[in-house]
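Okay, structure first, notes after.
Laboratory data are not the source of any read-out in this text; all were calculated from the coordinates shown. Note that the structure is a prediction, hence the values are computed from the model and not measured. Every residue, glycine as well, gets a Cβ built from its backbone with ideal geometry; the counts of neighbours run over all protein chains shown.
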Amino acid sequence: MVVILDRGISAHHKRAVRAFLSEHRYQIRELLQDGEPIIGAVGGDPLDQRQVEELPGVTQVIPLNQPYKLASREFKGTETEIAIGPIKIGGGRLAVVAGPCAVESREQIFEVAAQLRESGAVALRGGAFKPRTSPYSFQGLGKPGVELLKEAGEHFGMPIFSEVVAAEYLPMLADCVDVLQVGARNMQNFELLKRVGALGKPVLLKRGLAATIEDLLMSAEYLMAHGTDAVILCERGIRTFETYTRNTLDLSAIPVVKKLSHLPILVDPSHGTGRRDQVQPMALAGVAAGADGILVEVHPDPDTARSDGPQSLYPGQFEKLMRDIERLAPVLGKEVLRLPRIDGPGHPAGSMPDAAGEAVSVAFQGERGAHSENAIYQYFAKPRPVPGREFQDVFRMVLDGTVDYGVLPVENSLTGSIHQNYDLLMQYPDVHIVGEITIRIRWCLIAPLGSSIAQIRRVLSHPQGLAQCARFLAGFPDWEEVPFYDTAGAVAEVARNGDVTQAALAGAAAAREHGMEILAEGVETDIQNYTRFVALARDGQAQVADPTRASIVFSARDEPGSLFHVLQVLADNNLNMKKLESRPIPGSPWEYMFYVDLDVPAERALFDHAMEQVQAAAASYRLLGMYRSNQGR
Ligand code: PEP
Ligand code: MN
């Protein structure tokens, strides 16, 4: 049963509820459900629900209808995110776990790990104890195999997954691996599940060859009832009458599991099909069906693999699959997880590299000389700007550590929010706002050296540039106005063809970048023209001391007064709201997220406490970042 407690329940009454349930031999888990304090109680003696409902501080008791309790959505409505070293699986992220079926040698595991790391896998898999159909087949290297996997994982900074086939190997495996894999054949080895669960470590639980979805969730329940909350499920194909493929990958299990359980689920297209040529399409299909990532076999030389060669991808095929997953992710509104690059700057967590006057790399969207690059120079003492083609490239470079920071425009004082970037902030939960930069946008008419205003016939710029300089352009009615994708790109184009009758509207920096002449400066119609940029960093990369502003996003419940109740929390806590904007939720027509910027009071604990209340009042909540606003407190 789920026992919903009064939000203001006293510690004394809560202890009494717990004691009552323990006396009746219930296992107890305390958690927050949509912000409400709840106690999950499973496995005890049959009780009349009213006995619990009558206890002081209890609001409601909801019986759990499913046979699996801790693993069910009824028990926990929000998706579980499982932290494994530097990564988190679940919660809108796509994790790619890859490696050979079995660890075969030091050369093999190091070679493939290097390739996988380079292509973008976030964790390394490899069996050392192999459950093979034939006793004469390769059974794995055993303990030395686990040690090699561990060495490779440490060398490349990748968490490792490996299978446990029997309880006797558990102490050794638990010491070495980050995630214990329980394979399809052991999914219903309940004694093993109890022992594995009791370790409290993350577990990857693969669906058995003849297991129903309910069987899978019941096995997850075993693990959870015995002590771990970190269970990752895996759909790896089941036996059907079809023999063309090794198994039948049951993709429909993915949305079903997502509906019934809060646990993340990976899809294993390798064992699911048994054939290399089907791995790529089924991996993409699994991701499209809602999986939180894939578990896939890759071998440096599949033709010589000692197990599962025919289903193992060549490293080049894996590289292509990674790129395809990256293309699919934005459609699903998901972040493709990345590890920090090995050759990246690697600043210790918690330090702001630029604060010490060190040079930092900062990604921006556009060509050299763009307004975003200008914003970078205003904010960082010693920046090295790195251009990217799309806004999304900025997120990608921040996430994988190609750069220390990113800078993105979020709002213009004349034209409003740049919604695409708000959507991207939602899509990348591991990228946070750590700073704010507001710059005045000054437009210049820029032409090749030796040109003059009298000679100009055509003017190129981003449609925003043309619109913001309309009054100036109205003075030259015979000029042809040519819209261009990017302002600095327009300058580059004019510079390339060197035609003195062409000009571009852009910032002064773009003129300097291309050695061009500024024919007129400050040609914007309204001089109150500002763009607000945010500086972004990877989670844990930069700690902002004494933040003055926070950006949050939340969705309200579908009931009367729900938005009002969230805003009421802000008012009651005396928090000053600087901005409120709503955006449609991608994929959910007519549902909205609310973006709010807030002043952070000097006493940080007040803010944290208020945010707990916001979280309780809202249907969903995320802190996008805390930073020092250039508009003060
Ligand atoms: C494996 O992942 O190597 C494996 C043996 O998988 P399964 O248990 O799904 O057959
Ligand atoms: Mn295998």
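Per residue, what volume in Å³ does the convex hull of the Cα atoms of the range 76-229 enclose? Write down the numbers at each step before the final one.
Working: hull volume 17.8 nm³, N = 154.
Taking the convex hull of the Cα positions in the range 76-229, it is 115 Å³ per residue.
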> If r is the Cβ-Cβ distance from Ala83 to His13 and R0 is 35 Å, what FRET efficiency results, to the nearest 0.05?
Replying inline: 0.65
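Per residue of the chain, what 222 nm ellipticity follows from adding -39500 (n - 2.57) for every DSSP H run with n ≥ 4, rounded to the nearest 500? Numbers along the way, then the final one.
Values: 20 runs with 199 residues, N = 633.
Here the helix-only value at 222 nm equals -9000 deg cm²/dmol.
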> So how strong a dipole does the range 223-347 carry about its Cα centre when Lys and Arg Cβ are +1 and Asp and Glu Cβ are -1, to the nearest 20 debye?
Replying inline: 200
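When the dipole is taken about the Cα centre of the range 155-312, and only Lys, Arg (+1) and Asp, Glu (-1) are charged at their Cβ, what size is it in debye, to the nearest 20?
200
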> Per 10 Å bin, what percent of the C-alpha pairs of the range 534-619 does each bin hold, from zero upward?
Replying inline: 15, 46, 31, 8, 0
> What are the principal axis extents of the Cα atoms in the range 1-87, in Å, biggest first?
Replying inline: 43, 30, 19
> Between the helical axis of 143-156 and the dominant principal axis of the chain, each derived from Cα atoms, what acute angle in degrees is found, rounded to the nearest 10?
Replying inline: 10
>> Positive end of the dipole of the range 29-188, charges at C-beta (+1 Lys, Arg; -1 Asp, Glu), about the Cα centre: which of Leu170, Pro56, Ser134 has its Cα farthest in that direction?
In response: Ser134
> So for the range 387-456, taking the charge dipole from beta-carbon charges (+1 Lys/Arg, -1 Asp/Glu), which of Val398, Ser413, Ile437 sits furthest toward the positive end?
Replying inline: Ser413
> At a Förster distance of 35 Å, what's the computed FRET efficiency of Arg275 paired with Asp539, Cβ-Cβ distance as r, to 0.05?
Replying inline: 0.40
>> Classify the range 132-183 from the C-alpha gyration tensor, please: rounded if a/c falls under 1.5, else prolate or oblate depending on whether a/b exceeds b/c.
In response: prolate
>> With only alpha-carbon pairs counted, each pair once and no self-pairs, how large is the Kirkwood hydrodynamic radius of the range 344-484 in angstroms?
In response: 17.2
> Hey, if you put +1 on the Cβ of every Lys and Arg and -1 on every Asp and Glu Cβ in the chain, which of Leu223, Ala617, Thr273 ends up farthest toward the positive end of that dipole?
Replying inline: Leu223
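How much length would be gained if the chain were fully extended between Gln528 and Asn576, taking 0.36 nm per residue of separation minus their Cα-Cα distance, in nm to one decimal?
Numbers: separation 48, 0.36 × 48 = 17.28 nm, distance 2.42 nm.
So the extension gain works out to 14.9 nm.
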> Two-decimal Rg/Rh of the range 157-275 from alpha-carbon positions, Kirkwood Rh?
Replying inline: 0.96
>> At 7 Å along Cα-to-Cβ for each site, give me the label-to-label distance between Glu521 and Thr240 in nm.
In response: 7.0
> What share of the DSSP beta bridges in the chain is antiparallel, in percent to the nearest 5?
Replying inline: 60
>> Give me the dipole magnitude in Debye, nearest 20, for the chain about the Cα centre, with unit charges on the beta carbon: positive for Lys and Arg, negative for Asp and Glu.
In response: 640
> Among rounded, prolate and oblate, which fits the chain when a ≥ b ≥ c are the square roots of the eigenvalues of its C-alpha gyration tensor, a/c under 1.5 means rounded, and a/b larger than b/c means prolate?
Replying inline: oblate
